[in-house]
Each structure stands twice: as structure tokens, then as C-alpha cells.
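Worksheet for the structure shown next.
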Amino acid sequence: MCGIFGCILKDEAAAPVIHAALKRLEYRGYDSVGEATIDDGKLYVKKDQGKIDEVHMVRNLDDLPGSLGVGHTRWATHGAPLEVNAHPHLDCSGQIAVVHNGIIENFAELRLELENHGHVFKSKTDTEIIPHLIEEILKNNSSFSLAEAVLEAVKKLQGSYSIAVISSKEPDKIVCARNESPLVVGVNDEAVYFASDIPAFLPLTNKALMVDDGELVTLSLGHVEIRKIADSQLVVREPKIIEWTPEMAIKQGYPHFMIKEIHEQPDCLRNTLRVQEHYADLMSTFLDRARDVYLVACGTSYHACLASSYMFSKLAFLPSYPIIASEFVEQCGKSVNIDSTILAVSQSGETADTLASVNSARQRAATILGLTNTIGSTLTRVSRVYIGQQSGPEIGVAATKTFTSQLSVMAQLALRLAKKRGKVSQDEMDFLAEKLKKIPDTVEEIIQKQEQKIKMIAKKYKDSKTFFFLGRGISTATAYEGRLKLMEIAYVPAIAFPAGESKHGPISLIEPGFPVVFICPKDETHKTLIGNIMEMKARGASIIAVIEEDDEEIKKLVDDYIEVPNGIPEVLSPVPFVVPLQLLAYYMAIERGYNPDKPRNLAKSVTVK
Ligand code: AGP
């Protein structure tokens, strides 16, 4: 998730306007920045790694000449946050510049093709193939306009993209295109703008033209032309007036980043299905060959490790040890050696206890693998192989979208391991892969159908003194995560444990009306879990159950239930089943008058001790 912006102004210099707009998009990515402008038929480019203010101090992002330009603020997915990988990317002639937000899945094969035609690439990014592709098309079709060449180029792209292209050969136009990545146009009498998000140009105009997937937009001063990519059909669309304040706009109209990020999960999960095959395969090879596998992390990331240990065992018959990072050195520091493999999971890639575990394992020659949301973070630098989960920056302190994305990547790894180890039939592989592809839509459906109901349940239980969260099997991890969220942002003391442990202490705390949340996918544990529900019910507990839609048996037993669509395979169930718990925690915090984005006693996890 990056931020792109550009503008064509009447007489004004574009660079300072681009710089200011990128600052308003910095919540979308902040590891490198760049701008390109055209003046007097010449292309000017400035880009570097680092936050916008840092780069501006050194390079001055306001002094590029010209009243037409584009800009980009980056959240790396392909290629570390280095100057060479920063956008804009150029073609061989240095006359075409492109900024891009999204993930091009078929970039490797297109790059090879273009290299065979003599194109020279400078970066490790997926994006750089776009300016070279346009250059190649223009070379082979000299009568083509820039828009026509961009149209042909995007037809060859697979994946998500919103792009903007400028060329010193057509100095009065910006050509943009969109596919599964946000793009909006802003207009007023003096200028025309495009951006990943409305906040970028809202202080400049509140007249916005929405661009849909599969559309190509050609901008020139006073004119916006929209065409369908598929058949070049012209699209007529009127601008809308945006009533938001800049603050509201950054949250896209949501009251808090946390609820915005909960709603972003379907798109983030679609992005996780685009992780680079090569690295996922490499990582599953290392896991397959390891004598012992430790899954190490803190907090929410540890819960992803716990769920993954069930996935690896159930699908690939691979035993793995989920370890809370702050206990790693004490618990297994001495048993780690050259045959051990550590898969460290950290959305920030900077959590001190996780890095300390990695360092102690490295000193014992173990193999380090990493799963993170932050390319360029310390974890990526100390890992033999790492996977970027592509969730985009998570501003809310409470991890939500990064958790479900971690689970999706781990499920893909477990499937690869199962295939490598020949532990599941091809039919089952195909079935699970198909279900995994549907998970983003499933999560979308849960949010749409259940959010209001969850709001009511939160209102009903807002004064509860304590909560229990129970699950069996892989849902134990879901229960732990539900508990963490409720404690972290609503400050409700909560206990989570495997339902089988109910009799060993927790059941003594049950009194009439005591809220107990059960996570109940229809898997092998379903029958036994019903027994646990009855035990708690018999002692007066109020039961809230997250169940599958057609689970009439449990519906009859419980006080409140939240439904998820039927037929989700057990090993994938933590993704859809945790979303209602994220929403419950969010609305409990709201009901109790707290700001979910700024939990007390906490800051966004970078070096949490
Ligand atoms: C979760 O909501 C918390 N913000 C926190 O527990 C977090 O999961 C933990 O600090 C780990 O952070 P990481 O994934 O960046 O390493």
C-alpha cells in the first residue's frame, strides 16, 4: 500500500503541491519518496529512501521545475526501501516516468521478455517493468499516443495497480489506470489532480471523480477522459462533492484507524494471495528440511504462530514449537543449534524480544526465516529468507489486518509444505487452495452482515467486569487473540484458554451472567465444545458464540451468537472467526468511551519490552 499523487496546474509549480499532497498520504507508506515533473519538454526526477521530511531536508522536493508532475510515497513490497527502488521508475530513454501502487504478479516473466529485447533494469521492483513495457510498445507502434501505449501495456499486467504515467514527449498529459488499487481524480477550475486517496487533494478541491477498476484516465488541464481498458469505451462521469474534513478523509470517513483497518482486511487478504511464489517456495523448503522449527513472536504475532503450529501439523505433519519471544532464550535457547530453524513473525519487524530471540538463535548457527509487514526492517536484514505480507502500514496500535494477513501467508506455507511432503491429496490441495482464495470475500461478508449485531452485543455486555474466551484446537489461538484485543483497547480483564482446561481453575469463577465467548467452527472439536458450553451454561454463564450460519444446535444453546459463512476448513478458520472478535473489542471500547486508536499504556509496537 503506497500513496500516489499528481497534478497539472495552470501557472503554478507542481513540485511543492506534490510534496504537500504526499505528506497527506504518508499513512499509506513512508519508507521512500519520489517526484517527477516535466518542464520545457524535459523530465526531472528526485527520489530517495526515507521519510518525506528526511528526504526533503537533503534533496528539497519543492524545486523541480514545471507545472505538471507525479509523486509517490512508498510501502515496500518488492525490493528493499532504497533509492534505486523508490518511485518514479523510468524507461531506458529516461523520457517516461511511472508511479505505481499495487502488486504486479507477472512482473518476473515480463521483465525477462523486456531484457531479451535489450531493456536494462535498475531496480528490484515489480513496477519498473511498466515504463519499459510502454517504451517497447511505443517503439513498435510509432503512431501510438502515450494513452494508447499505456492501454496496451496495462492489458499485459496481472495483479493490482493504480498507475500514473508521464512522458516528456507528451508534456501536457498524465495517463492513469486502475485495477484493484484505489485511484481518484480531483478537479477545479485551475487544475486537475489524481491520487490514491481523497485526503491528498481535499485542501485543494472537494470535487472528486471516482475511477473504477478496469479504467484508463487521461488528464489534461480542464479535461478528464475516462475509458474502459477492455474495449476503450468512453465513460461519462460527474464529479462528486466531498463533505469530509481532511482528518476524516485520512480515515476515509471511518471514526478510527482500527475500524478502517478491520474493513481493509478483505483487500489485504487479497494482497497476501499475491506473495512472491519464489520466496514462499524457498521458505517452505527450509521448513521442510529443518530438524526442529520454532515459531517465535510477541503478542498478536505470537497468536499467528500458535495457529500456524496447528496448520503445519494438520496439513504437513510438521511439528513446530510456537514460542513467546520474551521466553525464547530461557525456554529453548540452549536446545537451538545448526539444525534448528526459527521462523520469526513480526509485523513491524522491529520488536525487541523477537529480535533478541533471533540473535540468540543466530549465535547458535540456526537458520532464520522471517514473516513481516515491513520490508527493510531489521527482521528482513537478519533473515535468510523473508516474506513481506503486504498489508500496508497499520496505524491503529491494535493489530487487526496484519494478524489475518499473517494467518493467510502461514496457511499458504502449510499448503506448500503439505505438497512438498506429499501429506495431502491433490484434490484436498485444490479444495483448500480454492477456499483460501475465497477467504477475502468471506471476511467481507462477515463484516457486512454481522457488524451491527456485534455492536448490539457490545452494548449489552459493556459493563461486564470480566470475559472468558474459549476454543478448542486451532480456535485456541483465535480465543487468545480475542482476549488480547478486548484487554488492549477496552480494558476489560479477560482470560482465554483451551476449552479442555475449563475445569482446571476457570470454571470456579463462573457466576450468573458471566460472559463467556466460544469460538465454534464446525470441525472435529465441535461436539466436545458443545459439552463445554453446557458446563458453563449450567453454572449461569452468558454464552456468546461465534458459529457457522447453519449451526442450529449451538444457536439453541447460547444467549448471543455471531455467524460466519458455512464450510470454512478448520485450518483456515482463525481468519474469518477472529474478525467478529476484533469488532466486539472495538465496539466495547467505543461503548466504554475509550479511543481504540490510542490504547492507554501503549504505543505502536516497535521496541516493546
Ligand atoms: C497487538 O494488538 C499489539 N499491538 C502487540 O501485542 C503486537 O502484536 C506485538 O507487540 C508484536 O508486534 P510485531 O508484530 O510488530 O512484532
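Might you check whether a residue that is open to solvent by 10 Å² or more (accessible area, probe 1.4 Å) and either at pLDDT below 95 or within 16 Å of the ligand (Cβ to nearest atom) (or both) occurs anywhere in the stretch 552-560? No, the stretch 552-560 has no match at all.
Of these, Glu553, Glu563, which one is of a type in the set (Asp, Glu) and part of a helix (DSSP H, G or I)? Reasoning before the result, please.
Working: Glu563 fails: part of a helix (DSSP H, G or I).
Only one candidate passes the filter, namely Glu553.
Annotation note: Cβ proximity below 8 Å between a residue of the stretch 219-231 that is modelled with pLDDT of 95 or more and a residue that is exposed (fewer than 12 other Cβ atoms within 10 Å of the Cβ) and assigned to a strand (DSSP E or B) (sequence gap 6+ or interchain) occurs for Glu225/Leu234; Ile226/Leu234; Arg227/Leu234.
Being within 16 Å of the ligand (Cβ to nearest atom) and either within 22 Å of Ile262 (Cβ to Cβ) or among the small types (Gly, Ala, Ser) (or both): is that true of Pro580 here? Outline the logic, then answer.
Details: within 16 Å of the ligand (Cβ to nearest atom): no; either within 22 Å of Ile262 (Cβ to Cβ) or among the small types (Gly, Ala, Ser) (or both): yes.
No; evaluated as a whole, the condition is false for this residue.
Does Gly34 count as closer than 15 Å to Ala164 by Cα, open to solvent by less than 50 Å² (accessible area, probe 1.4 Å) and out of contact with any Phe, Trp or Tyr (no Cβ under 8 Å at 6 or more places or on another chain)?
Values: closer than 15 Å to Ala164 by Cα: yes; open to solvent by less than 50 Å² (accessible area, probe 1.4 Å): yes; out of contact with any Phe, Trp or Tyr (no Cβ under 8 Å at 6 or more places or on another chain): yes.
Against the criterion (closer than 15 Å to Ala164 by Cα, open to solvent by less than 50 Å² (accessible area, probe 1.4 Å) and out of contact with any Phe, Trp or Tyr (no Cβ under 8 Å at 6 or more places or on another chain)), Gly34 qualifies.
Residues in the stretch 89-145 that are in contact with a Leu (Cβ under 6 Å, 6 or more places away or on another chain) and closer than 27 Å to Tyr27 by Cα: Ala97, Ile104, Ile129, Pro131.
Examine the stretch 508-519 for a residue that is away from the ligand (no atom under 16 Å from the Cβ), among the polar types (S, T, N, Q) and under 34 Å from the mean Cα position of the chain (by Cα), and state whether such a residue exists.
Applying the first criterion (away from the ligand (no atom under 16 Å from the Cβ)) to the stretch 508-519 yields 508-519.
Filter once more, keeping what is among the polar types (S, T, N, Q): 508.
Filter again for under 34 Å from the mean Cα position of the chain (by Cα), leaving none.
No, every residue in the stretch 508-519 fails to be away from the ligand (no atom under 16 Å from the Cβ), among the polar types (S, T, N, Q) and under 34 Å from the mean Cα position of the chain (by Cα).
Among (1) small (Gly, Ala, Ser); (2) farther than 23 Å from Arg289 by Cβ; (3) in contact with a helix residue (DSSP H, G or I) (Cβ under 6 Å, 6 or more places away or on another chain), where does Ser360 come up short? Just one mismatch for Ser360, condition (2). Residue check: Met283 meets all listed conditions (1) in contact with a helix residue (DSSP H, G or I) (Cβ under 8 Å, 6 or more places away or on another chain); (2) within 15 Å of the ligand (Cβ to nearest atom) but one, namely (2). Going by the structure shown, is Asp339 open to solvent by 20 Å² or more (accessible area, probe 1.4 Å), within 16 Å of the ligand (Cβ to nearest atom), charged (D, E, K, R) and more than 28 Å from Glu570 (Cβ to Cβ)? In short, no. For Leu529, the stated conditions hold: it is crowded, with 18+ Cβ neighbours inside 10 Å, touching a Cys at 6+ places or on another chain (Cβ under 8 Å) and either part of a helix (DSSP H, G or I) or not aliphatic (A, V, I, L, M) (or both).
Residue-by-condition table, conditions (1) within 14 Å of the ligand (Cβ to nearest atom); (2) farther than 21 Å from Pro498 by Cβ:
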site: Gln276; (1), (2): no, yes
site: Asp288; (1), (2): no, yes
site: Tyr302; (1), (2): yes, no
site: Tyr310; (1), (2): no, no
site: Ile323; (1), (2): yes, no
site: Glu350; (1), (2): yes, yes
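Of all positions in the stretch 495-506, at least one carries a residue that is crowded, with 22+ Cβ neighbours inside 10 Å, small (Gly, Ala, Ser) and outside any helix (DSSP H, G or I). With the checklist (1) farther than 19 Å from Ser181 by Cα; (2) assigned to a loop (DSSP other than H, G, I, E, B); (3) touching a residue at least 24 places away in the same chain (Cβ under 8 Å) in hand, flag the one item Thr125 doesn't pass. Among (1) farther than 19 Å from Ser181 by Cα; (2) assigned to a loop (DSSP other than H, G, I, E, B); (3) touching a residue at least 24 places away in the same chain (Cβ under 8 Å), the lone unmet condition for Thr125 is (1). Can you spot a residue in the stretch 288-310 that is free of Cβ contacts under 8 Å to residues at least 24 places away in the same chain and on the phi > 0 side of the Ramachandran plot? There is no residue in the stretch 288-310 that is free of Cβ contacts under 8 Å to residues at least 24 places away in the same chain and on the phi > 0 side of the Ramachandran plot. Select from the stretch 366-386 the residues that are more than 14 Å from the ligand (Cβ to nearest atom) and in contact with a strand residue (DSSP E or B) (Cβ under 7 Å, 6 or more places away or on another chain) and write down the one among them that is nearest to His78 (Cα to Cα). The qualifying residue nearest to His78 (Cα to Cα) is Val385. Using the structure shown, decide if Ser167 is open to solvent by less than 10 Å² (accessible area, probe 1.4 Å), hydroxyl-bearing (Ser, Thr, Tyr) and touching a residue at least 60 places away in the same chain (Cβ under 8 Å). Spelling it out, Ser167 is indeed open to solvent by less than 10 Å² (accessible area, probe 1.4 Å), hydroxyl-bearing (Ser, Thr, Tyr) and touching a residue at least 60 places away in the same chain (Cβ under 8 Å). Return yes when Tyr594 is within 16 Å of the ligand (Cβ to nearest atom), open to solvent by less than 40 Å² (accessible area, probe 1.4 Å), closer than 18 Å to Lys459 by Cα and of a type in the set (Ser, Thr, Tyr) and no when it is not. So Tyr594 fails the test.
Among the residues of this structure, Asn566 counts as one that is within 29 Å of Leu432 (Cα to Cα), open to solvent by 60 Å² or more (accessible area, probe 1.4 Å) and of a type outside the set (Phe, Trp, Tyr). Of the numbered criteria (1) within 14 Å of the ligand (Cβ to nearest atom); (2) surrounded by fewer than 23 Cβ atoms within 10 Å (Cβ to Cβ), the one Cys332 fails is (1). Tell me whether the stretch 418-428 contains one or more residues that are away from the ligand (no atom under 16 Å from the Cβ), in contact with an Asp or Glu (Cβ under 8 Å, 6 or more places away or on another chain) and either under 26 Å from Ala585 (Cα atoms) or not β-branched (Val, Ile, Thr) (or both). Looking through the stretch 418-428, at least one residue is away from the ligand (no atom under 16 Å from the Cβ), in contact with an Asp or Glu (Cβ under 8 Å, 6 or more places away or on another chain) and either under 26 Å from Ala585 (Cα atoms) or not β-branched (Val, Ile, Thr) (or both). Filter the stretch 352-365 for residues that are open to solvent by 10 Å² or more (accessible area, probe 1.4 Å) and either within 15 Å of the ligand (Cβ to nearest atom) or of a type in the set (S, T, N, Q) (or both) and give the result. Within the stretch 352-365, Ala352, Asp353, Leu355, Ala356, Asn359, Ser360, Gln363 qualify.
The values are calculated or read from the model by the stated rules, or taken from the named source; none is laboratory data. These numbers were taken from a predicted model, which means no experiment stands behind them. We place every Cβ from the backbone using ideal geometry, glycine too, and count neighbours over all the protein chains shown. Accessible surface areas use protein heavy atoms only, side chains included; no ligands, DNA or RNA. Shrake-Rupley method; radii C 1.70, N 1.55, O 1.52, S 1.80 Å.
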